[in-house]
Amino acid sequence: MKKLGFLFILVIVHCTRVESFDPSDFDSAETENVDTSGCLPGQIQISGDSCLACSAGTYANTDDDPQKCSTCSYDTYSGDEAAGCTACDSGLGTLEEESGDVSNCIEVCMVPNIEFVHSLSPESRVAEGGNVQIICKDGYYYGNSGSQTVACSSSTNNFPASCRKVTISDTESSVKAGDNGVLSCVVEAHDIGTAIQWFKNDSAIALTSDDTAYTIVTSLATDFEDDSVTKKSTSTLTILDFDSADVASYFCRVIYPDPILSDQSPEQALKILDITETPSKAHIASEAASLQLIIYLLLLIS
């Protein structure tokens, strides 16, 4: 009797179990010497045949660290089990890292430490319509105030604004009639603005250099001071042939393109100049005659 041979073929199917991964449940998701060949992109292998799927806002691929789910950075997002993060469209950003959906891409005001050493404002991101608190260091101002709350809008995104120090150098408050009155305005800031202008009293019209009533010489800095964050610009106003009509309050103001405070006063400094009248010729002659008489009497006594 002929024996029948039976050939048994054993097919072994390797099943991989995929679990949802939440970074808060598994802080690092790191395992030394892990072979990730059994996991798909967007997954990490944690032990044996178990893989974890990266949750929305995170990703995993062999180009980065294959042993953990990495967090999507600002202005990017990802869905579940992602091999990478997708950048938001131009002009949009995210308020937080680890964004899990394209809906998190919105108009955002980027507010770094405003003016570096000239500000106390913390680094922050604010959504369209939200308020940004700007706090300048002592002696520096934004919009003629050391603290301002400004609203984020699509036209003012991605600033920092400028905290500036504006001063008029020490000078006499009184000018002799017929002399020239000289005022020097100094602006210190990281961004000094586009111009420095002078105004008299409440006039909204800036003074101009005409070589008859005023001369104005302005030097806008292009290089930083030794601290590498401050530019110092100057503007000198000379009031020619000072007389009683020149007795007034003089302002120097920073003109700049920041649209945020276009409806508010810019940084400025004030100096009030008065006049010292020179004695008349008759008065001088009278004083001289009196002095001669005193000398004559002294000579007689001696």
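The values are calculated or read from the model by the stated rules, or taken from the named source; none is laboratory data. As the structure is a computational prediction, the values presented were derived from the model and not from experiment. All Cβ positions, glycine included, derive from the backbone under ideal geometry; neighbour counts span all protein chains shown. Keep in mind that these areas ignore ligands, DNA and RNA; they rest on the heavy atoms of the full protein, side chains included. Shrake-Rupley method; radii C 1.70, N 1.55, O 1.52, S 1.80 Å.
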Quiz item: For region 214-232, how many residues meet the condition of being open to solvent by 30 Å² or more (accessible area, probe 1.4 Å), among the small types (Gly, Ala, Ser) and within 21 Å of the chain's Cα centre (by Cα)?
Solution: 1
Practice problem: Mind listing whichever residues of region 74-103 are part of a loop (DSSP other than H, G, I, E, B), open to solvent by 50 Å² or more (accessible area, probe 1.4 Å) and among the aliphatic types (A, V, I, L, M)? | Solution: Leu92, Leu95
Exercise. Would you mind stating whether Ser235 is under 27 Å from Ser147 (Cα atoms), open to solvent by less than 30 Å² (accessible area, probe 1.4 Å), outside any loop (DSSP other than H, G, I, E, B) and polar (S, T, N, Q)?
Key: yes
Quiz item: Just checking, how many residues over region 48-73 are among the hydrophobic types (A, V, I, L, M, F, W, C) and assigned to a loop (DSSP other than H, G, I, E, B)?
Solution: 5
Quiz item: What number of residues in region 170-213 are open to solvent by 50 Å² or more (accessible area, probe 1.4 Å) and not in a loop (DSSP other than H, G, I, E, B)?
Solution: 4
Practice problem: May I ask you to verify whether Pro266 is surrounded by 15 or more Cβ atoms within 10 Å (Cβ to Cβ), at pLDDT below 90 and under 37 Å from the mean Cα position of the chain (by Cα)? | Solution: yes
Self-check item: Conditions (1) modelled with pLDDT under 60; (2) under 30 Å from Val187 (Cα atoms): number failed by Met110
Solution: (1)
Quiz prompt | Cross-chain or 6+ apart pairs with Cβ under 9 Å, region 161-189 first and free of Cβ contacts under 8 Å to residues at least 12 places away in the same chain, then open to solvent by 30 Å² or more (accessible area, probe 1.4 Å) | solution = Glu172/Thr276
Practice problem: Go through region 243-256 residue by residue and tally those that are open to solvent by less than 50 Å² (accessible area, probe 1.4 Å) and in contact with a Leu (Cβ under 8 Å, 6 or more places away or on another chain). | Solution: 6
